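Read the structure below first, then the notes.
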Amino acid sequence: MKKSRQLDFSYHFNIFLRNVAKELLRLFYHTGYRILRPGKRFYCENIFAGKNGLVFSNGEITCVCADHGLINLGNVNQASLEEIWRGEEFQKLRNAFKANRLPLRHCSACFALKKIYKPTPDLYQIAPFFWNIHIETTPVCNLDCAICRRDEVEKHRGGTQLSKATVYKTLDEIIKHKTNKFVLFFGFGEPLLDRNVYEYVTYLKERFPEVIVSISTNGIPLDNDQNVNALLNTPLDVIVFSVDGITPEAYVRYRRGGDFNRALGGMTRLTQERRKRGQKHPLIIWQYLYFRWNDSDEAIRATIKKARELGVDILHFLPTRTPITGISWKNQLRRNHGVIYKFGGVDHDYNPHDRARVIHVSNEMEDIPL
């Protein structure tokens with residue numbers, strides 16, 4: 001694992017602002033909001049419906065939105081997923097919601113937080129098992145992104161990878177229950193730095209074909225024909241490339257330690273080889289986080305043009321709230337969860353935040369709306 005960077009003032013300032021903002025928002029929800037909206041009840045999809053569990057590389061499980069808080073709800077090295085899901089730590093969170101309280105600072109800004117009016121009696125029923133789950137097989141990353149808390153990751157996990165035995169035990173439990181719609185191999189490491197990930201994907205899909213398996217990557221490991229072929233030899237359903245910019249200068253503002261040309265090269269190699277093989281999978285998604293330095297109309301148009309040229313299936317522009325000093329306010333104020341461009345005849349229902357604006361780009365379209 002690479003040595004931690006020297007953390008600068010901007011990094012600490014952003015972490016401080018985020019924590020203060022979340023605590024103030026939670027205070028508002030517990031005081032003013034409940035008074036102003038007495039009929040509303042707080043509800044969390046993660047802890048009742050089984051969405052977005054995250055298994056760290058040291059075996060600990062948390063809510064994916066509480067990942068920076070290192071909230072430990074159990075450990076798959078010591079217990080089964082089902083035992084953890086029905087265990088004491090998850091139940092503490094559920095009891096807080098039943099009492100109409102937000103148990104964690106992170107809850108106040110979490111995408112899984114719902115405010116329900118006139119809740120039904122079965123609102124707080126617990127799903128039998130997880131609906132989707134993230135598995136971080138490795139904490140190692142080849143980048144050092146501006147607001148990624150690598151210092152915490154390295155201190156918390158060290159270089160510990162999930163053992164193959166633990167991964168297979170976890171996958172076997174997912175296969176047994178068959179309630180998962182998605183399994184995502186991704187946490188705070190770069191998943192393609194774990195050479196075993198290809199066999200994990202194949203093992204899971206061969207025994208549970210209905211589950212949608214995806215990987216999220218920065219793309220640089222795929223600027224390599226061997227890795228591209230290894231990936232295309234698996235039955236992977238979806239791969240998401242995180243490339244936030246259309247110039248090297250804009251890209252590296254956030255993706256520190258990255259290489260724009262190699263990230264784009266990884267996408268290019270994969271799309272070209274997939275086309276050459278005549279394969280339809282995996283679905284290739286370019287995810288582009290909006291920041292104030294990469295959100296101009298010129299940059300967006302150039303990115304759409306490049307995505308179309310490369311042959312990716314979907315281009316997803318996604319607003320982000322980190323770092324606070326880099327927020328693209330014009331996109332935050334549009335009050336949606338970004339824009340999804342689907343190229344050609346793609347009919348996949350990919351829309352992870354539901355409220356994103358979807359634009360279908362046909363082969364004949366010349367003037368593509370922003």
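The values are calculated or read from the model by the stated rules, or taken from the named source; none is laboratory data. Quick caveat: nothing in here was measured; it's all calculated off a predicted structure. Here the Cβ is made from the backbone with ideal geometry for all residues, glycine too, and neighbour counts use every protein chain on show. These area figures cover heavy atoms from the full protein model, side chains too; ligands, DNA and RNA do not enter into them. Shrake-Rupley method; radii C 1.70, N 1.55, O 1.52, S 1.80 Å.
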Worksheet item: When DSSP assigns beta bridges and you keep just the ones with both residues in the chain, what percent turn out antiparallel, to the nearest 5?
Response: 30 percent
Worksheet item: For the stretch 232-321, what is the Kirkwood hydrodynamic radius in Å, using each pair of distinct C-alpha atoms?
Response: 13.5 Å
Discussion item. No solvent, one uniform scatterer per C-alpha: report log10 I(q)/I(0) for the stretch 160-207 via the Debye equation at q = 0.22, 0.33 1/Å, two decimals.
Written reply: -0.84, -1.47
Item to complete: Name the shape class, rounded, prolate or oblate, that the alpha-carbon gyration tensor gives for the stretch 316-358, where a ≥ b ≥ c are the square roots of its eigenvalues, rounded holds for a/c under 1.5, and otherwise prolate holds if a/b is larger than b/c and oblate otherwise.
Response: prolate
Response to the item:
Computed, not fitted: 222 nm per-residue ellipticity of the chain from DSSP H runs ≥ 4 (each -39500 (n - 2.57)), nearest 500, equal to -10000 deg cm²/dmol
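What do you get when you divide the Cα radius of gyration of the stretch 279-322 by 2.2 N^0.38 Å, with N the number of residues?
1.26
Which trypsin sites (Lys or Arg not before Pro) from the stretch 218-303 combine a DSSP loop assignment with at most 10 other Cβ atoms within 10 Å?
Lys280
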Discussion item. Please list, in order along the stretch 265-274, the HN-Hα scalar couplings obtained from phi with the Karplus expression 6.51 cos²θ - 1.76 cosθ + 1.60 (θ = phi - 60°), rounded to whole Hz, x for Gly and Pro.
Written reply: x, x, 4, 4, 4, 5, 5, 5, 5, 4
Response to the item:
With x for Gly and Pro, the residue-by-residue ³J(HN,Hα) of the stretch 302-313, computed from phi through the Karplus equation 6.51 cos²θ - 1.76 cosθ + 1.60 at θ = phi - 60° and given in whole Hz, is 5, 5, 4, 4, 5, 4, 5, 5, 5, x, 5, 7
Discussion item. Whole percent per 5 Å bin, from 0 to the bin with the longest distance: what is P(r) over all C-alpha pairs of the stretch 13-148?
Written reply: 2, 9, 18, 21, 18, 14, 10, 5, 2, 0
Worksheet, complete the sentence: Rounded to the nearest whole number, the per residue volume of the convex hull around the C-alpha atoms of the chain in Å³ is 142 Å³
Practice prompt. Please give the solvent-accessible surface of Asp349 in Å², to the nearest 10, using a probe radius of 1.4 Å with every protein chain present.
Written response: 110 Å²
Worksheet entry | Interchain or long-range residues, amide H under 5 Å from Cys141's placed H | Lys2, Glu190
Discussion item. Could you tell me the relative contact order of the chain? Use alpha-carbon pairs under 8 Å, at least six residues apart, and round to a whole percent.
Written reply: 13 percent
Response to the item:
One point scatterer per Cα, no solvent, Debye formula: log10 I(q)/I(0) for the stretch 221-370 at q = 0.11, 0.18 Å⁻¹ comes out as -0.41, -1.12
